[in-house]
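Notes follow once the structure below has been shown.
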Amino acid sequence: MLGLYVSDHPLAGLEIPLAKHASTNIHDLLSNEDVRDGDQVTVAGLVTSVQHRVAKSSGNPYGMITVEDFDGEVTVMFMGKTYTEFSTMLQADSILVVRGRVSRRDDGLNLHAQSAFVPDLGIVDASGPLTLLVPEHRATQRVVGELAEMLDRHHGDTEVTLKLYRGSAAKVFEVPHPVRVSADLYGELKGLLGPQCLG
């Protein structure tokens, strides 16, 4: 009724597994002026509303959902083949990871879904090493230096492994900077190393 959660937020405790899947949180997506029409992003959160509709002009069914994370909410459209493939997943109060294309209009920003899945939200094994996947050409001296500083800021007990890959070949290094795994750390790592950096 009030738009407030009287108890805890329904996503409480899932910050880390959701951050692992998402390329951005919804607040940053909506407030970032650099996000352009047509950009691809991945968001993860709670489906708070679902509407199944039929387009008047074409007669084709489509879906419109609202996805909410800890910082904001965004409307996601499922149309055509994407709707046919994923419509059974579009259920209120489910947790969904959606990859989509940004659509910027005068009335705001929404996403046109390209794929969706229900994430495995099992216990995150914070004791196992955190594996970072980095293409070899991106591992410049500057990037490696910034990475070391970032890991030091998030000092903890989880070991870090760096996997540098070129084509199908990869070299694996143990990084002497153990960390405390958190959603903030995941966000910073993706900002530095790219959205696919978490192994």
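Every number in this text was worked out from the coordinates using simple rules, so none of it is lab data. In this text the structure is predicted, and so the values were computed from the model without any measurement. Cβ coordinates were reconstructed from backbone atoms using ideal geometry, including for glycine residues, and neighbour counts include every protein chain displayed.
The figures follow:
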{"read-out": "Residues in segment 127-147 reached by a label modelled at Q196 [backbone nitrogen below 12 Å; 7 Å Cα→Cβ]", "value": "133-136"}
{"read-out": "Taking segment 125-177 and dividing mean pair separation by its residue count, relative contact order in percent (alpha carbons under 8 Å, at least six apart)", "value": "44"}
{"read-out": "Amide H partners (placed H, <5 Å) of H177, local residues excluded", "value": "V160"}
{"read-out": "Of D34, D152, D107, the one that fluctuates the most in a GNM where the chain has Cα springs shorter than 10 Å", "value": "D107"}
{"read-out": "Cα-centre dipole for the chain with unit charges at Cβ (Lys and Arg positive, Asp and Glu negative), debye to 20", "value": "860"}
{"read-out": "Sequence-separation-based contact order of segment 45-199, relative, with Cα cut under 8 Å and 6+ spacing, percent", "value": "16"}
{"read-out": "Per-peptide average of other Cβ atoms within 10 Å, ordering 16-25, 108-117 highest first", "value": "16-25, 108-117"}
{"read-out": "Highest-MSF residue in the chain out of L29, L185, L164 [GNM, Cα springs under 10 Å]", "value": "L164"}
{"read-out": "Cα long-axis angle, helix 141-153 against the chain (0 to 90 degrees, to the nearest 10)", "value": "80"}
{"read-out": "Linear extension gain, T158 paired with I16, 0.36 nm per residue minus alpha-carbon span", "value": "49.7 nm"}
{"read-out": "Paramagnetic reach from D71 (point 7 Å along Cα→Cβ, amide N under 18 Å) across segment 142-165", "value": "154"}
{"read-out": "Karplus-derived 3J(HN,Hα), 6.51/-1.76/1.60, for each residue of segment 44-57, Hz, glycine and proline x", "value": "9, x, 8, 7, 9, 8, 9, 10, 9, 10, 10, 5, 5, 5"}
{"read-out": "FRET E, pair D120, R36, Förster distance 30 Å, beta-carbon r, rounded to 0.05", "value": "0.45"}
{"read-out": "Candidate lysines for bridging to K163, where Cα separation is under 27 Å - those fewer than 8 sequence places away on the same chain excluded", "value": "K20, K171, K190"}
{"read-out": "FRET efficiency for R104 and T84, using Cβ-Cβ distance with R0 set to 41 Å, rounded to 0.05", "value": "0.95"}
{"read-out": "Angle between the chain longest axis and helix 183-193 axis [Cα atoms, degrees, rounded to 10]", "value": "80"}
